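Enquirer: Structure incoming, see below.
Please treat every number below as a calculation from the coordinates, not as lab data. Since we're looking at a predicted model, the values are computed, not measured. When we count neighbours, we look across all protein chains shown, and the Cβ atoms used for this are built from the backbone with ideal geometry, even at glycine.
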Amino acid sequence: MLEIKDLHVNVNGKPILKGLNLTMGEGEVHCIMGPNGSGKSTLSQVLAGRDAYEITGGSVTFRGKDLLEQEPHERAGEGLFLAFQYPVEIPGVSGNQFLRAALNAVRQYRGEDELDAAQMMKVFRERAKQAKIDLASLKRSVNEGFSGGEKKRNEMLQMAILEPRLAVLDEVDSGLDIDALKIVSDAVNAMRSAQRSFLVITHYQRLLNHIVPDHIHVLVDGQIVKSGGKELALELEEKGYAWVEEHTNTVAG
Amino acid sequence: MSTLTVHNKLHEDFSQNSGAGPAALRPLREQAFARFAATGFPTTRDEAWRFTSTRALTQVDWQRADQQAQSQLDDLKATVAHHALKDVAATTLVFVNGFLREDLSQRRLPAGVRLLSLADAAQEDWFSEYYAVADAETASALPALNTALADSATVLVLDAEARLENPLEIIHLSCGISPHRATFPRTMVVAKPMAEATVLETFIGSGGEAYWQNSVSQLHLADGARVTHVLAELATEQAFHTHATFAHLSRDSKLVSENMLIGGALARNDIHVNLNGPGAEAHINGLFLGHARQHLDNHVVVRHNEPHGCSFQNFRGILDDKAHGVFTGRIFVAQDAQKTDSAQSNRNLLLSDEARIDTKPQLEIYADDVKCAHGATTGQLNQDALFYLQSRGMAPDAARNFLIYAFAHELIEKLAIRELREHLEAVLVERFGQAGALAPEA
C-alpha cells in the first residue's frame, strides 16, 4: 500500500525529515506519535503533495506507483486522502458543491462516469450514514464559521464520500472535546476495511483509546525511532517522549 | 469642443428628431442636449472619471441604431432565451436597439404594476420632476445625452402596497452590423408607498462589432417601498456601455441594488443613491469580472440627507490578464443625517501581474453622530485553499476556477429570489465553469 524509504525533506533549507522509513500494508492502521517539531505535519503535507517542501532524498511508493512524481489531485485520484489539521474555509460555495466537484474529479481520474446532482445526493446519503455523520453541514459554506469539532467532522464526511484507499489523519484529534472526538473516531472505525489503510498522526495518546491501531511508530527529530504494537502507546503515556528521546540518544551515542 | 465635432451624426439626429415625441418632453430634451453639447464626454481630468478614459468612445461618430434589426427573428429569440430568466413566470420586456419588441416580449403584467409609454408617463404629475433629475445629479453629461436621445422608455409604476412575487425583467439587446450603432435605453421604476418588486435589467449585444449603450435607470421609492434592482451587464467584449442608476429613497424605503459587470471593452456603472427620507435603507452590491483588456468601472455615490438612514456597499472585483477595474465609493452624510449607519467594502482578486485595480473610498461627513466604516483589500488566490481543493482531487485549473467562483458567489448567494440567484449563478458558471466540474447549487 505505502512504502516510504529513507525520506529526507527540507523546509526553508532546514532538514525536517531525516531518513524516514515506513511500510504499511492494506487494511492496516498505523499511528505516528511524536513531540512538537518532530516532523509529523511535514510528513502528512509531503504525502499529499504540498509544494512548499523540498524533497532531498528517498522515495515514496503508493499502490505500486511513485507518489512523489504525482500532482496533488492525481494522488487523490489514486486514493490518497489527507484530513487536514487545519481545514481551510472556503466561503461562497456550499459543502455540496464542493464535494460534487471533488467526487466527480476523482471519478473522472478513475475513468468512472460523472454523477449528476441527484445521483450524488444518493451517494452522499449512503456514505454519510455508513460513517454515522450528519449531512447538514453540506448546506453551509465549506468550513466557514465551523467550530473546531465541526471542521474535523466535515473532514471525516469528505473522507467517507471520497472513499480513499489510504487516509492520512493529521492531528485529527487536536482541540476536540470528547463528544467530537467520539464522532471522528466512530467515523474512522466505521470505515475500516481490508482494503483501506489509515495513517493516524497524533500528539496525544488519548485518540488511541478510540481508534486502536495495528502499529505505533514514534517520530523524533525527523526519524522513526521506535515502532511497536498498541501497547507502545501506554508505555509512552507513562514515561513521556523524553524517555524515547533519551533512549534514542543512548542508542545513537 | 473637439469631442463634439466628431459626433455629427448625434447632432443631426437630435436636430431632426427633437420635435418628435411628447411635447412635455421637448424642453427637457433640449436642455439635456445643450448640456451635453456644452460639456462633452467626461475626461480623466474630471475627478469622477480619473481612472477611466473615454477616449476610445469619443473617437467614433456614433449613430443611433436601426429600429429594424437585421438579425433573423429566430436568432433574436435564441439570444433572448439564452439570457432570459428561466422557469419563473415573470414579465419579460425585450428591447432591440431601443425599441420594444412585442414578438419577443412577455407582456403579461401582474396585478399592481402598470407599464407606461414615455408619452403616457409624460402626462403623469410626477413626470417632469422625476425625469430630468438624473441629468443634474452628476458632473458627467452622459445621462443628459440619454435624456436628449431616448425615444422610448420602460416606465413601470408599482401601485401602493402592491407586492410582486416574481421579478420584472427587461432585456436591452443591441444588434446589427453597424460598428457605430448607439442606443439610449431608459428605465423608470416608480414605486408607490409600500410597493415591493424586483426589476432585473440585462444588457446584451450580438455580433463582433463595437457598439455603445448609454443607459439610465431611475428608481423612485415612495415611503416604505422596497425595490430590488439588478443590473446584469453582459455586453460583448467589443462594446462600450455607460450606465447610470439614480435612486431616490423616501422614508423607511429600502433599495437593494445588485450590479454585475461582466462584458464590455469599457463598462462604466454609475450608481447614485439618495436617501431623502428618515430611516431609508440601501444595499448596493456589485461584482465585476474582467479579463483580456476589459475596463470595468463602478462609481457609487450615496447621499444620506436625512437621519436614521443606513447604506451598505459591498463590491467585489476579479481581474485577469490586463483587465483594469475601478471602484469609487463616495458616502456623503449631510449635517442633518444623524444616526446614519454606513459601511463600504471592496475586495478584489487579481489573477495576473498585469491586471490592475484602482479603489477609492471617499467619505464626506457633516453630521457628528454617525457610523461610517470602509475597507478595501486586494489580493491573490489563497494558496492554502488551492492546495486543499487539489488534495480533494481537483486539477489545478479546476481548483482555481472553483475558488474564483466561490469568491464571486458570496455576493450572489444572499439574493432572496431563488430564480434570480440561479440565473446569476449560471452566468458565473458559464464564465468559470468550463475547467471545473462546477454546477450551480441545486
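Enquirer: Summarise the partner chain shielding of A:71-84 as one whole number: the mean count of Cβ atoms from other chains within 10 Å of each residue's Cβ.
Expert: Mean shielding by partner chains, rounded to a whole number: 4.
Enquirer: Same structure again: Of A:199, A:183, A:42, which is farthest on the positive side of the dipole of the stretch A:2-252, counting Cα position, with +1 on Lys and Arg Cβ, -1 on Asp and Glu Cβ, and the Cα centre as origin?
Expert: Comparing the listed Cα positions along the dipole, A:183 ranks first.
Enquirer: Once you order the gyration tensor axes a ≥ b ≥ c over the Cα atoms, which shape class does chain B get: rounded for a/c under 1.5, otherwise prolate or oblate by comparing a/b with b/c?
Expert: Cα axes put chain B in the rounded bin.
Enquirer: Now a separate question. Determine, from the Cβ-Cβ distance of residue B:166 and residue A:234 and an R0 of 56 Å, the FRET efficiency 1/(1 + (r/R0)^6), rounded to the nearest 0.05.
Expert: With a Förster radius of 56 Å, E is 0.25.
Enquirer: While we're on this one: What FRET efficiency do you get for residue A:12 and residue A:132 if R0 is 45 Å and r is their Cβ-Cβ distance, rounded to the nearest 0.05?
Expert: 0.65
Enquirer: Please enumerate, by chain and number, the aspartates and glutamates with C-alpha under 20 Å from the C-alpha of residue A:230, excluding those fewer than 8 residues away in the same chain.
Expert: Reachable aspartates and glutamates: A:26, A:28, A:170, A:171, A:173, A:186, A:214, A:238, A:245.
Enquirer: I've got another one for you. For the stretch B:73-141, what's the relative contact order in percent, using C-alpha pairs closer than 8 Å and at least 6 residues apart?
Expert: 18
Enquirer: Starting from the 7 Å offset along Cα-to-Cβ, what nm value, one decimal, do you get for the label separation of residue A:112 and residue B:416?
Expert: According to this spin-label approximation, the distance is 4.2 nm.
Enquirer: Across peptide B:380-388, how many C-beta atoms of other chains are within 10 Å of each residue C-beta, on average?
Expert: Taking the mean over all residues of the peptide, I get 5.
Enquirer: I'd like the mean, over residues of B:397-406, of how many other protein chain beta carbons sit within 10 Å of each residue's own Cβ.
Expert: 4
Enquirer: Rounded, prolate or oblate: which fits the protein assembly as shown, taking a ≥ b ≥ c as square roots of the Cα gyration tensor eigenvalues, rounded meaning a/c under 1.5, else prolate when a/b beats b/c?
Expert: Judged from the Cα gyration tensor, the protein assembly as shown comes out prolate (a/c at least 1.5, a/b above b/c).
Enquirer: Hey, another quick one. I want the antiparallel fraction of DSSP beta bridges within chain A, as a percent rounded to 5.
Expert: Taking every DSSP beta bridge with both residues in chain A, the antiparallel ones total about 60 percent.
Enquirer: Would you work out the charge dipole size for the stretch B:62-207 about its Cα centre, treating the Cβ of every Lys and Arg as +1 and the Cβ of every Asp and Glu as -1, and quote it to the nearest 20 debye?
Expert: Rounded to the nearest 20 debye, it is 320 debye.
Enquirer: Summing -39500 (n - 2.57) over the DSSP H runs of n ≥ 4 in chain B and dividing by its residue number, what mean residue ellipticity at 222 nm do you reach, to the nearest 500 deg cm²/dmol?
Expert: -7000 deg cm²/dmol
Enquirer: Step by step: find N for the stretch A:2-252, compute 2.2 N^0.38 Å, then divide the Cα radius of gyration by it. What's the final number?
Expert: 1.01
Enquirer: Please name which of B:140, B:16, B:72 has its Cα lying farthest along the dipole of chain B towards the positive end, using unit charges on Cβ (Lys, Arg +1; Asp, Glu -1) and the Cα centre as origin.
Expert: After comparing all options, I get B:140.
Enquirer: Could I ask something else about it? For A:1, B:394, B:188, what ranking results if the residue with the fewest other Cβ atoms within 10 Å of its Cβ goes first?
Expert: A:1, B:188, B:394
Enquirer: Hey, what number do you get for chain A at 222 nm if only DSSP H runs of n ≥ 4 count, each worth -39500 (n - 2.57), divided across all residues, to the nearest 500?
Expert: Taken over chain A, the calculation gives -11500 deg cm²/dmol.
Enquirer: Let me ask you something else. For chain B, what is the relative contact order in percent, using Cα pairs closer than 8 Å and at least 6 residues apart in sequence?
Expert: 9
Enquirer: Give the shape of the stretch B:104-153 as rounded, prolate or oblate, defined through the alpha-carbon gyration tensor: a ≥ b ≥ c are the square roots of its eigenvalues, a/c under 1.5 means rounded, and otherwise the shape is prolate if a/b is larger than b/c and oblate if not.
Expert: Verdict is prolate for the stretch B:104-153.
Enquirer: A further question follows. Using DSSP, restrict attention to beta bridges with both residues in chain B and report what percent are antiparallel, rounded to the nearest 5.
Expert: Expressed as a percentage, antiparallel bridges in chain B total about 5.
Enquirer: To make sure I understand the rule: partners must be aspartates and glutamates, Cα under 20 Å from the Cα of residue A:139, and not fewer than 8 residues away in the same chain. Which ones qualify?
Expert: A:89, A:116, A:126, A:150, A:155, B:410, B:413, B:419, B:422, B:425, B:441
Enquirer: Hey, how much of the P(r) for the stretch B:206-335 falls beyond 24 Å, as a percent of Cα pairs?
Expert: 30
Enquirer: Still on this structure: Below 8 Å between Cα atoms, with a sequence gap of 6+, how large is the relative contact order for chain A in percent?
Expert: 27
Enquirer: With charges set only on the Cβ (+1 for Lys and Arg, -1 for Asp and Glu), what does the dipole of chain B come to about its Cα centre, in debye to the nearest 20?
Expert: Dipole of chain B, to the nearest 20 debye: 400 debye.
Enquirer: Treating the beta-carbon of each Lys and Arg as +1 and of each Asp and Glu as -1, no other charges, what is the dipole magnitude of chain A about its Cα centre, to the nearest 20 debye?
Expert: For chain A, the charge dipole is close to 520 debye.
Enquirer: In nm, to one decimal, how far is the residue A:203 label point from the residue A:121 one, both placed 7 Å along Cα→Cβ?
Expert: Placing both labels 7 Å beyond Cα along the Cβ direction yields 4.2 nm.
Enquirer: Would you mind putting B:108-115, A:74-81 in packing order, based on average other-beta-carbon counts within 10 Å, highest first?
Expert: Per-residue mean Cβ counts within 10 Å order the peptides as A:74-81, B:108-115.
Enquirer: Still on this structure, please answer the following. Normalise the Cα radius of gyration of the stretch A:60-161 by 2.2 N^0.38 Å (N = residues in it) and let me know the number.
Expert: This ratio for the stretch A:60-161 stands at 1.11.
Enquirer: For the residue pair residue B:17 and residue A:212, what label-to-label distance in nm results when each label sits 7 Å from Cα along the Cα-to-beta-carbon direction?
Expert: Distance between the two pseudo-spin positions: 8.6 nm.
Enquirer: So, by mean Cβ neighbours within 10 angstrom, what's the order for A:118-126, B:33-41, B:253-261 with the highest one leading?
Expert: Sorting A:118-126, B:33-41, B:253-261 by mean packing, highest first, produces B:253-261, B:33-41, A:118-126.
Enquirer: Right, here's the next one. List, largest first, the extents of the alpha carbons of the stretch A:1-53 along their principal axes, each in whole Å.
Expert: Result for the stretch A:1-53: principal-axis Cα extents of 35, 23, 18 Å.
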